[in-house]
Amino acid sequence: MQTNPYKFQKDITNMELDHSARQEAINQAGIGDEMYQFQQEKKEDLTRWQQDLNEEIDLAIHTLQREFLNEDGKWIKEITFTGNYDDKNKPIYEEAKPMLNKAGINRIRSYLIPLTSRNLMMSNYNEDRIFSKLKGTVKDLIIDIGYHQDIYEIERGDLTPIIRTFKNIAEPAHWRALNNGERNFINTIQKRVEAFAHGGTQQSNSQKGGMMSGILGGKI
């Protein structure tokens with residue numbers, strides 16, 4: 001039986017097109033999974049960034065050390081007027097004394113680390129418990145720095161700024177735990193990421209179907 005060369009060529013062409021279409025469909029279908037994985041990684045990076053308050057602690061420490069960031073991105077000491085004048089009647093300035101020494105700084109840091117932790121943010125506290133916890137924590141700090149005021153080299157006028165700086169860092173993480181707020185927020189992001197990824201998969205499948213129909217439904 002003699003083979004029709006034209007029919008044979010058409011069959012070969014259709015097979016090649018079918019293979020290409022299937023391969024393209026596989027590639028298109030994979031877009032959703034890749035996008036989902038990409039979005040998952042970005043979500044995790046965002047969550048880590050949102051829950052990492054080490055930078056906030058460092059900024060608080062620089063404040064307590066009376067340091068500021070200059071235009072070159074370096075931390076330098078504040079300059080303060082000593083109250084004295086030189087022999088030419090010009091004011092004398094010097095580096096500002098830290099609000100507390102290294103021992104006091106380390107003590108403040110040890111307080112702040114658990115108060116800015118991910119475990120705290122992911123907790124489920126009501127308003128009364130937050131107020132009670134914050135009140136107890138600040139009370140402990142006041143007793144500590146009051147008892148060790150001389151050891152930490154704290155001047156009386158610096159007590160209030162120290163406590164205020166401490167509270168500014170310690171409070172926000174507690175309120176993120178209000179009524180399971182942080183976990184609810186993260187779950188909302190998760191659902192949006194999944195919806196976006198699944199939507200991309202459906203769109204890819206739709207494009208795949210249209211492409212295959214156009215290729216396989218065409219005439220040679």
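We did not get these values from a lab; they are worked out from the coordinates using the rules stated. Being a predicted model, the structure only gives us computed values, none of them experimental. Neighbour counts are summed over all protein chains in view; Cβ atoms, including those assigned to glycine, are modelled from backbone coordinates with ideal geometry.
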Options F131, L69, I79, ranked by Cα towards positive dipole end of the range 56-142, top entry (Cβ charges): F131
Within the range 127-158, GluC sites (Glu not before Pro) in DSSP loop having at most 15 other beta-carbon neighbours inside 10 Å: E155
Calculated from backbone phi, Karplus (6.51, -1.76, 1.60) coupling profile of the range 83-94 in Hz, x at Gly/Pro: x, 10, 10, 7, 5, 9, 6, 9, x, 9, 10, 8
